[in-house]
Amino acid sequence: MTFFCELEASELKSLFADASVIERLGALRARVSLGILDLAPDRASVVRKLNKARIPVVAWLLLPMEQGYWFNVNNALQATARYQAFKAWTEEYGLHWAGIGLDIEPDIREVERFVTDRPRLLLNLLCRSFNSERFRTAQEAYSELVSKMRLDNYQVDSYHIPLMIDERRAGSTLLQRVAGLVDVPSDREVLMPYTSFLRPHGPGILWSYASDAQAIGVGSTGGGVQVAGLGDVPVLSWEELTRDLRLTRRWSDDIHVFSLEGCLQQGFLQRLIDFDWDGSVEIPYENARVIDRLRKGLRGILWISAHPLFLLVGLIGFAWLLARFRPRKRSLSA
């Protein structure tokens, strides 16, 4: 398992001041995907502690809030600059990484605007859907960034929302252009169907997408960035986490859990050491079938958006049929 950890430097240092945390991670043979919220000395000291304990650490790169936080179309240049600063920080403190994680999600500033100024934001997103050049420029920048990371001998992970799978299959970029996402090439793609955010259909969504995933993220057990206006983040109970882990295990051995701090707060980390992966779990077949049908319909819409000529020809053909077979009016005799 890999545990995401997304804490400010002072909180991170306090969490790992407890030696039992590293002991439990070692007992689980787990990895940590550590959110790089800053390049502070305290964060470096925690990474060195994990390096010394031989706990593999993935550098989950993030940006300041004012730059969008997660990586997306809006901040490709800032993402590149962040990586360069990260490399210098890594060298300065002698840090070792098991890989780099790129979290591809909408700009956090737009997520907050969705709460406070939805009509104007939706209009902007609609206009943006026609701007293919902006999207292509960002896509090229991120592809170049990943190439640099690979040349630096890093394995690159991408953290994607599940809908990216459907868009890719449809050969479309509509969702990416609207939401500001980029289908970043990577060595390992981690899908994030967090069921705590998707109640009551979460298990069905997880099961539907799990067969398409290289690696799967389950959550949330608590923690994470606070988005203004959205209130408290829904969290999983132990029973729900147990269900999600066993469902995920049916499809993949590569499981990510969000988050480490949430698991510690709820007392889950210790319980996972002796976890029964083969325990009984109810497979959400019926719910997943509904989700599969919805995904099929979505892929159809996305395919049409990527092939508008076919839509135009179809509409012309339909109009011709209506005109061809329209009943003729009978003339009335005087």
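Bear in mind these aren't lab numbers, they're just calculated from the coordinates by the rules spelled out. This structure is a prediction, so every number in the text was calculated from the model and none was measured. All Cβ positions, even for glycine, are placed from backbone atoms using ideal geometry, and neighbour counts span all protein chains on display.
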Among PRO200, PRO106, PRO284, the residue with the largest mean-square fluctuation in a Gaussian network model of the chain built from Cα contacts under 10 Å is PRO200
Give the lysines reachable from LYS13 as a straight Cα distance under 22 Å; neighbours fewer than 8 places away on the same chain don't count. LYS49, LYS52, LYS87
Once the piece of chain linking ILE273 and LEU230 is laid out straight, how much longer is it, given 0.36 nm per residue of separation minus the C-alpha distance between them? 12.1 nm
Name the long-range amide H neighbours of GLY99: under 5 Å, sequence gap of 5 or more, or other chain; modelled H, no Pro or chain starts. ALA59
Using θ = phi - 60° and Karplus 6.51 cos²θ - 1.76 cosθ + 1.60, couplings along the range 262-272 (whole Hz; Gly, Pro as x): x, 5, 5, 4, 8, x, 7, 4, 5, 5, 6
What ranking, highest mean first, results for peptides 134-142, 63-71 when packing means the other Cβ atoms within 10 Å averaged over each residue? 63-71, 134-142
Given a cut-off of under 8 Å on Cα pairs at least six residues apart, what relative contact order in percent is computed for the chain? 17
So how tilted is helix 118-128 from the main axis of the chain? Cα-based, degrees 0 to 90, rounded to 10. 80
Nearest 10 degrees, 0 to 90: what angle lies between the long axis of helix 19-28 and the longest principal axis of the chain (Cα atoms)? 60
Residue-span extension gain [CYS127 to HIS201] - 0.36 nm each, minus C-alpha spacing: 23.5 nm
Cα axis of helix 76-93 to longest principal axis of the chain: angle in degrees, 0 to 90, nearest 10? 10
Ranking ARG289, ARG24 by Cβ neighbours within 10 Å, fewest first, what do you get? ARG289, ARG24
For the chain, set up a Gaussian network in which alpha carbons nearer than 10 Å are linked by springs, and say which option among ASP276, ASP166, ASP183 fluctuates the most. ASP276
Projected label distance in nm at SER211 and GLU8, using a 7 Å step from Cα toward the beta-carbon: 4.6
Starting from the Cα of PHE114, step 7 Å along the direction of its Cβ; do the same at GLU140; then give the gap between the two resulting points in nm. 2.9
Taking the convex hull of the Cα atoms, report for the chain its projected area averaged over all directions, in nm². 22.4
Out of ALA17, ALA179, MET65, whose Cα points farthest toward the positive end of the dipole of the chain (charges: +1 Lys, Arg; -1 Asp, Glu; placed on Cβ)? ALA179
Least to most buried among GLU133, GLU261, GLU144 (fewest other Cβ within 10 Å first): GLU133, GLU144, GLU261
About the Cα centre of the chain, what is the dipole size in debye to 20, counting +1 per Lys and Arg Cβ and -1 per Asp and Glu Cβ, all else neutral? 1900
Karplus-derived 3J(HN,Hα), 6.51/-1.76/1.60, for each residue of the range 203-220, Hz, glycine and proline x: x, x, 5, 4, 5, 5, 8, 4, 5, 9, 9, 6, 9, 10, x, 10, x, 9
Take GLU282 and LEU15, extend 7 Å from each Cα along the Cα→Cβ direction, and tell me the distance between the two endpoints in nm. 3.2
On a full-extension model of 0.36 nm per residue, what is the gain between VAL290 and TRP251, subtracting their alpha-carbon distance, rounded to one decimal in nm? 12.1 nm
